[in-house]
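Report on one structure; see the data block that follows.
Just so it is clear, none of the values below were taken in a lab; they were calculated from the coordinates. Please read these numbers as outputs of a predicted model, since none were measured by experiment. Glycine also receives a Cβ, built like all others from the backbone with ideal geometry; neighbour counts cover every protein chain displayed.
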Amino acid sequence: MALPSSCPSCNEPLHDRSANPSLTVEGMSVIVCGSCTCMATEAEPGRVIDHYRARVWGGPPRAELVERDDGSIRRIDADAERNRLEAKLQALRAALRVGDTLSPSVLEVGCRQGAFVEAALARYRSLRVTALEPWLPWRDAAASRGVAVQASTVESMDAGGFDIIAEFDLLDHFAAPAEHLRALRQRLAPGGHILLGVSNVVECAGSTFPHKLRLDTPVGFTRAALRRVCAAAGLSAAIWEDGRSLFAVCERGDPVVHDVSADAASSLIRRLRENDGRLLFKRFLADRGPTPAALRAAVKVAEGCRTEAGHRALCVSVAAACERAGDHDEAARWRERGRTLPAWASQNVA
Ligand SMILES: [Zn+2]
């Protein structure tokens with residue numbers, strides 16, 4: 001397997017490795033596109049059905065994993081799961097607001113066990129919802145909840161003319177995501193909207209290295225990368241962030257897109273590295289406690305951060321460890337440190 005030669009989101013060549021050298025993560029190469037900050041891994045092209053199936057090998061969607069106080073990455077609990085479902089329903093509300101149909105037809109692509117369809121129908125009774133789920137055990141589970149579901153991919157489906165096509169945590173499984181988005185676009189009604197939810201690679205960064213960047217997710221999206229892949233499929237996207245997820249409501253369009261700034265890709269790489277370092281340090285603190293030696297080391301790590309977000313996240317993690325150990329004064333100092341930009345940042349401003 002090899003890294004793709006062009007970016008899966010914006011299709012610009014990825015060959016200029018000297019500008020943005022690939023990272024090696026668990027023996028696998030990862031590269032960040034200098035034009036749109038899409039992250040790409042060594043993916044096998046695979047058949048369309050394999051990309052849907054990769055969700056099964058990958059277990060719960062990345063957005064359903066959460067970083068705990070001890071730095072471990074685990075499945076979200078019932079509360080967090082409800083919040084996540086609520087975020088999807090709010091995203092659906094945003095898509096319903098921009099549409100003008102009284103009883104819109106909704107298609108969910110890759111509905112898993114049907115939880116979103118069930119919740120959407122309970123909240124918005126005027127919807128007419130159908131769903132697709134090619135993985136049979138999930139299809140059966142969804143059908144047993146009363147969801148109208150077909151065991152099919154959108155690519156092999158004949159029907160079309162949907163007012164809203166919703167899809168969550170599927171796009172980053174496709175080695176050629178723009179092609180998949182074009183398949184969604186073809187099945188929209190005139191004036192219809194596509195609602196997308198994907199993992200926000202920047203926010204998942206702490207859990208990125210062991211969990212996010214794996215062979216079952218060949219692509220990682222930032223906001224800019226998601227905008228570019230939508231544009232490549234002839235879609236104009238309104239994008240917002242909700243914690244570890246990015247949501248987009250898209251309509252047909254030919255938006256003007258620009259390359260990201262020259263240092264955006266390298267600062268994303270720095271951010272990912274810093275977040276990974278933070279996570280290791282958080283585990284160390286959970287294990288040993290915030291001893292004086294550990295806190296001296298934390299000062300060094302904080303001084304080594306070169307991104308504002310990385311610096312802030314580290315300080316918050318150290319403060320939380322101090323709080324758990326009952327040292328509230330030290331915790332307050334770390335919270336304050338997190339609010340104050342380090343010396344290098346003020347130099348950059350000048
Ligand atoms: Zn790109």
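Quick notes on this one:
- Cβ-based exposure ranking for Glu203, Glu133, in which fewest neighbours within 10 Å come first: Glu203, Glu133
- Residues Val32, Val48, Val154 arranged by fewest to most Cβ contacts within 10 Å: Val48, Val154, Val32
- Dipole size of the range 44-252 about its Cα centre, with +1 on Lys/Arg Cβ and -1 on Asp/Glu Cβ: approximately 280 debye, rounded to the nearest 20.
- Cα gyration tensor, the range 44-252 - rounded (a/c under 1.5), prolate or oblate: rounded
- Each other residue within a Cβ distance under 11 Å of Gly234 adds +1 if Lys or Arg and -1 if Asp or Glu, for a net charge of +1.
- Using a Förster distance of 25 Å, the FRET efficiency for Arg270-Ala343 (Cβ separation, nearest 0.05): 0.90
- The chain - share of DSSP beta bridges that are antiparallel (%, nearest 5): 60
- Comparing Cα centroids, the range 311-336 and the range 120-154 end up 45 angstrom apart.
- Gyration tensor (alpha-carbon) shape descriptor, the chain, a/c threshold 1.5: prolate
- Under 5 Å, built H, 5+ apart or other chain: amide partners of Asp242: Phe247
- Phi-based couplings in Hz for the range 126-140 (Karplus 6.51, -1.76, 1.60; Gly and Pro marked x): 7, 6, 10, 10, 10, 9, 10, 8, x, 7, 4, x, 6, 4, 4
- Comparing mean-square fluctuations of Glu336, Glu108, Glu241 from a GNM of the chain with C-alpha springs under 10 Å, the top value falls on Glu336.
- At an R0 of 22 angstrom, the distance between the Cβ atoms of Arg53 and Ala80 translates into a FRET efficiency of 0.25.
- Taking a ≥ b ≥ c as the square roots of the eigenvalues of the alpha-carbon gyration tensor, the range 225-275 is classed oblate because a/c is 1.5 or more while a/b is no larger than b/c.
- Net charge, Thr130 excluded, C-beta distance under 14 Å - Lys, Arg +1, Asp, Glu -1: -2
- Placed amide H near Ala189: partners under 5 Å, 5+ positions off or other chain: Gly161, Phe162, Asp163
- Counting every other Cβ atom within 10 Å of each residue's Cβ, Asp172, Asp140 order from fewest to most as Asp140, Asp172.
- Computed [θ] at 222 nm, deg cm²/dmol, the chain (DSSP H ≥ 4; -39,500 (n - 2.57); rounded to nearest 500): -13000 deg cm²/dmol
- For the options Arg139, Arg312, Arg74, a Gaussian network treatment of the chain with springs between C-alpha atoms closer than 10 Å singles out Arg74 as fluctuating the most.
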